[in-house]
Every structure is written in C-alpha cells, then in structure tokens.
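Colleague: Handing you a structure now.
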Amino acid sequence: MSETQQDEPAAPPPSRKAQIAAAVQTALIGALAGAFVTWISAPWLGLFARQPLHVQLWVSLAVGSALGVVALIPVLRDLIQRHPDKVRTALCVLAGAAVATGVWTVIRTAAADDQCPAPAELRLVTASENVAELTARTRTYVREHQTEDGCPVVRMTVGAAPPPIHLRDAFDNGWEWREDRRDQPYARLYDLQPDAWVASSAAEADELRAGQLRSLSARKREDTVGRDQLVLAMSGKRSEELDTYMDNPDDYSFGEVWDTLTNTMGMTIARPFPETSVAALIGTHDVFHDRGLPESRYPKAEQELVEDGLGADTVTSLLCEFDRLADRADGGDPKIALLVPGHGVDDYNADRVEGCEGTGDSAPLVAVRHHDLSTLDYQFVKVSWPDQRSPERAKLVEHFGAWLRTHPLFPNAPGPRDSELGLRELGQLRKLVLDELRPQLGLRLLVDTSGSADRPVRVQAAEAVRANSRLLGPRDKVEVFGLHALTRNGPAEVTRIAAESTREQLGAVAAGIESTAFDRWDAPASAGLSRLGAGDEAVAAPVVLLTDGRLFDNEGTGDAAHVIARALKDAETVSGLYVVVFGQDECAVSALPDTDKPYRCVTVGEGADQALTRAIITVRGWR
C-alpha cells in the first residue's frame, strides 16, 4: 500500500478551553456584526415597519426565499462542504446579527407606540352609501400625513349620518336626540359629534343652512368634493334584454326607457324611502319630471315606488335586499331595477357594501345611465359646536377638506352634469313627497305580550316607537294593543295599551309598552286580526305586529299561512298585515296564499327603529 493510500492520523480533538474560546469569539463577532447590521439597516427597518402587515409578510417571505435559492448554488455548496468550520462560524455570526436586529426592531416598534403622541381625532359623517369611499380617502390621508418618525398626525373615523328627517334637529341640538320619556325630557347623542359632514347634495346642505344653523360652515364654491350620477342598476341578463329593445337607452327619452322596463319587460323599479335617503328624494324628482308625468299621476307613481322599494330605507339596505333576492331567485336574476347612485353599483360588484358581505359573489350589477338622471354633488361641510371650538382642530378640518378636493370621491363617475335641483326645488320636492303625497296614517300596533316576548320585544319596541316620532305627520294617529292568552292554548285577548296618539304623544305610548306586563301565554296572530277586524272603524287601517315569532306556532292544526290569510281576508277593518319579528333571523310565515290584502314579514335585522321606520312608510298606502 502506498503512502498516499495510508490513513492520515486523526487530528486530536480541541481542548475544552479552546472550545470555550472559539464560542466566545463567535459570540463577540456575532454581536459586533449584529450592531453593525442594525446600524446600517436602521433607515430600511423604519421604512419596513411603516408598511402594512401584508407587505411586511411578503417582503420577509421574499428575503427568505432568496436566501434559500442562493444556498442551492453549486459553487456555494462546494464551499460549504470544504470549509465546514468556517461556514459554521459565519452562520453563527449571521444568526447573532439576525437575533440582535430582530430584538432591536421589536423594542423599537414597541417603544414607538409609546413615543408617538396621541394624534388629533377627526370625525366625519355622511350618508351610509358613501361611508366606504370616504373611509378609503381618510386612510390614504392618514398614511400620507405622518411625522418623520412614522407617527400619525391625525386619526379619522367615518360614520353614517342620521336620516334626513333627523339632521336638522341633530345639528341644532348639539348632535343630541331629544325625546320625551314618561313626561320627562330625555337626551342622548346620536353618536360622537362630527367635525365635518359630507352632504349628498349642495341643496341638502343649503336647506339646513337656511334654518340659521350656527353649527354649519357657510357655503363656498370649492366645497364640492365629488360628483356622481343616479343610474338604473340591474343584472347583466336584464341589461342585455333591454338592449334588444334599445341599442342605446340614452338615445331615448327617460319615459320611454321606464315604460320599456316596466311594461314591456315586466320589471319593477326600486328606490329607498325619500324620508331616509336624499339620493332617493332626488331620484323621485327624476321619476316625476323626466317621465313627463302630470301632477295628477304623482300619488300613484309614488305609491308604486313605495310598494316596489323592497322596504329599504337607505341605498345600502336596498343593495343588501337585492342581493338577498338574487340569492333566492332562480338564476340570481330578479326582475328589478334599482334607482341608486352609480358608485353603489361599483360597491356592490366589489363587495364593499357596508354590513352586507358577499355581494361580490353574486351576479354583477350593470349601471344603465341616462342623461336625464340627476347628478349628486357631494359637499364638504365643516361643523363647529359652541364651546368646543379649537383653532388647531379647525385647521386640520380645513386641511383635510382642501386635500379631499384634490382627491375627490367617486373619480370614475363619467363626467356628470351639474345638479339642477337647488335649495328651492329640493324644498318643494320634499314638501310634495313627504307632506302632500303621503296619505294620512291610522296605524295600529299589535304587540305580542306573551312571556317569551318580554326580553326580545318590550324594550326594543318601545325604543322603536320613540325613534319614529319625526316620521309621523301632524294628522297621523297611532294605537297600540297587546296580544296574549291567559292560559296555554286558551282564547286570545287583545288589550288596549295606548289610545289614538299623535307624534307628540309617542313618548307616553312607548312608556305604556314598557310598563305592560309581558307574562302571558302566546296567542295566535289570526285571533288578534279577528278581534281588531271586528271594530267599528269607518276606514280600514293597517296592522303592524311586533312579535318574537313564536305565536306562529299557535295557529291550530292547519297550516299557519292559510289560517292567517283567512283571518286577514275576513277582518273588514284591517287593510293589511306587516309583521316585525324580534330575536329571529327568519319569518316562519313569509307569504300568505289566497288573499288580496298586502302582507309582509321581516326580521328586525339592523335595528328595531329602522325596521319600524320601514313598516310605517310601507303601510301608509295600505288602505
């Protein structure tokens, strides 16, 4: 055997003292390397820390992947195999640098929260359909306006403004909701007081300013911060069908487009209630004026809009209700067109509808535009409250307003024209629709006073009654009755809780509901209709039933829908039944067979006050 083939003698193992010295040397080198890497990477780490979480995760993943790829290069693999001790030392150095840098980053990030001074807070309000877009703008503004240390200069929140019927009182009363409770004045805030309001129309803001509201800033030409146009939104299939009758609907009169949709295609047109949506109020002008209707046809046209409006009080709730109908409809294609702002279609298709997830999964909506449909010119209105004025806050509000004018809402709107509804025209329209076209209401509330309804119904029903005092007109009257049985499966009893009351007396009506004993047994709804229907009223009136839904199980051995339908048909002084179910997510009886009288059953959903608002507006025409 040659010398080259002989095994070389094994190197003696390093002594324990040498191992300790090498470990100390490696640790010191790692610490020095960590400090050096931390020092040179400080600016980049600051930039990294200010990025959103998803950006940080992607960057970390990319760096790790890049290191993994580098380690697979053949030359480096060969170098690692030939010099394992040196590579191990280098890895220890890098690990020490990474640990030191990571610890420093965590400490710096944690300390940054304590070091950042509390930013000023601005609160904005706007119509519910504008909340998503305005929120996106505020986030961009906050991100663009930070200190050199990455601290925010301002924190901004966006909320939905109260309905138009509440706005004047809200701005006039310091954003307080004032009402009567048990003959005592009571006030509560709608929400945190806003620093600015984005109105859906210049005329809307001017209408409030005309009432000498000191809290609103004066009108300026440059207050416009966005524009959009009303559209007719429908499914793609319905839009294609419309194209078979009209190559370009914009080339025809709006009346011809409307008649084609409703008469030829058998569609209905839905819009929110104008009491609770300025966009809907302005859209009502288009329905009357642009169709060329004579004033004698206004009442019927408005009643059709109420009946076909899907019970929605806002653009947002209308889009949500359409989505629910699309999910239930065969092929997801309701024969309904929505009269909404154009950006509502974008929000629906992009799944940005507030409180209604999943709209983006449905068949997309198509916006059918027409030159006669109105423009919404969004206005930035500064709000100041007595004894709360701050020059610094006012400066921030002014700065954001100026920034918003250069970053307007709904920039993709296709060049809509100026709004033709001024202060005078909007006031006349509001008076026409809300005062003259709304018939006098004689409402009978039938409250389920069984023991099971105590927790879900009692307080919510009383609060809902109080909340709707501004919705009633001076001639409207409300009666309240309780429905229960004294024994299990015993005969139904209907007791009077409140006699005919005006809107000024709703505080006492609500107190009467709260003080009523909810300790009886469930009674069938059909029996309640029979009792109320046997009255001596000269004019039939609608009944709104407030219940937890369990009384539907007490309709005897027959099908509940048929039993209630028969009772409603026989109740001569009941013009229709509207059921509001508390504490449940569905109605046990969703429709009634074989009756010409209107029936609707809804769940409370977003809130009892909104549910009762929709009920009141819907049943006005049930005569």
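Every number here is computed from the coordinates shown, using simple stated rules; none is lab data. Since the structure is predicted, the reported quantities are computational estimates derived from the model, not experimental observations. Positions of Cβ are generated from backbone atoms using ideal geometry, with glycine treated the same way; all protein chains shown enter the neighbour counts.
Colleague: Given 0.36 nm per residue, what is the gain on full extension from Thr157 to Ala187 after removing their alpha carbon distance, in nm?
Modeller: Going from the current span to full extension adds 8.5 nm.
Colleague: With a/c under 1.5 counting as rounded, go ahead and sort segment 371-431 into rounded, prolate or oblate using the C-alpha gyration tensor (a ≥ b ≥ c being the square roots of the eigenvalues; past the cut-off, prolate if a/b is larger than b/c, else oblate).
Modeller: Judged from the Cα gyration tensor, segment 371-431 comes out oblate (a/c at least 1.5, b/c at or above a/b).
Colleague: Rounded, prolate or oblate: which fits segment 439-619 when a ≥ b ≥ c are the square roots of the eigenvalues of the alpha-carbon gyration tensor, with rounded for a/c under 1.5 and prolate only if a/b beats b/c?
Modeller: The shape class here is rounded.
Colleague: What are the ³J(HN,Hα) couplings of segment 273-278, residue after residue, when phi is run through the Karplus curve with 6.51, -1.76, 1.60 and θ = phi - 60°? Round to Hz, x for glycine and proline.
Modeller: For segment 273-278, the Karplus-derived couplings read 6, x, 4, 10, 8, 5 Hz, x marking Gly and Pro.
Colleague: Further, regarding this structure: Give the long-range amide H neighbours of Gly576: residues separated by 5 or more places, or on another chain, with amide H under 5 Å away, using H modelled in the peptide plane at 1.01 Å from N.
Modeller: Distant-sequence amide H within range of Gly576: Val543.
Colleague: With both partners inside segment 439-619, how many of the DSSP beta bridges are antiparallel, as a percent to the nearest 5?
Modeller: 25 percent
Colleague: Once R0 is set to 35 Å, what does the formula 1/(1 + (r/R0)^6) return for the Cβ-Cβ distance between Glu425 and Thr487, expressed as a FRET efficiency to the nearest 0.05?
Modeller: Step by step, r from the Cβ atoms, then E = 0.05.
Colleague: Give, rounded to the nearest 20 debye, the magnitude of the charge dipole that segment 529-623 has about its Cα centre when Lys and Arg contribute +1 at Cβ and Asp and Glu contribute -1 at Cβ.
Modeller: In total the dipole reaches around 280 debye.
Colleague: In addition: For Thr502, put the label point 7 Å out on the Cα→Cβ axis and report which residues of segment 464-486 keep their amide N under 17 Å from it.
Modeller: Those under the cut-off are 469-479.
Colleague: To the nearest Å, what is the center-to-center distance of segment 119-194 and segment 370-426, using C-alpha atoms only?
Modeller: Using only Cα atoms, the two centres lie 15 Å from each other.
Colleague: In terms of Cα to Cα distance under 24 Å, which lysines are near enough to Lys335, apart from those fewer than 8 places away along the same chain?
Modeller: The qualifying lysines are Lys237, Lys300, Lys597.
Colleague: Quick one: compute the contact order of segment 212-301, relative version, from alpha carbon pairs under 8 angstrom and 6+ residues apart, as a percent.
Modeller: 21 percent
Colleague: Tally the DSSP beta bridges in segment 228-376 and give the antiparallel ones as a percent, rounded to 5.
Modeller: In segment 228-376, approximately 75 percent of DSSP beta bridges are antiparallel ones.
Colleague: On to the next question. Order these peptides, 156-169, 360-373, by their mean beta-carbon neighbour count within 10 angstrom, highest first.
Modeller: 156-169, 360-373
Colleague: Also: Classify segment 408-491: rounded, prolate or oblate, from the alpha-carbon gyration tensor (a ≥ b ≥ c, eigenvalue square roots; a/c under 1.5 rounded; otherwise prolate if a/b is larger than b/c)?
Modeller: Since a/c reaches 1.5 and a/b is larger than b/c, the shape of segment 408-491 is classed as prolate.
Colleague: Now a separate question. Work out how much length Tyr252 to Arg393 would gain on full extension: take 0.36 nm times their residue separation and subtract the Cα-Cα distance, in nm to one decimal.
Modeller: The span from Tyr252 to Arg393 would gain 45.7 nm if fully extended.
Colleague: Val604's amide H: which non-local residues (gap 5+, or another chain) put their own amide H closer than 5 Å, with H modeled 1.01 Å from N in plane and none for Pro or chain starts?
Modeller: Hits under the 5 Å cutoff: Val581, Gly583, Gln584.
Colleague: Moving to a separate point now. Report the label-to-label distance for His371 and Asp435 in nanometres (one decimal), using points 7 Å from each Cα along the Cα→Cβ vector.
Modeller: Between His371 and Asp435, the simple spin-label model gives 3.6 nm.
Colleague: Mind giving me the FRET efficiency for Ser590 and Glu307? R0 is 22 Å, r the Cβ-Cβ distance, nearest 0.05 is fine.
Modeller: 0.80
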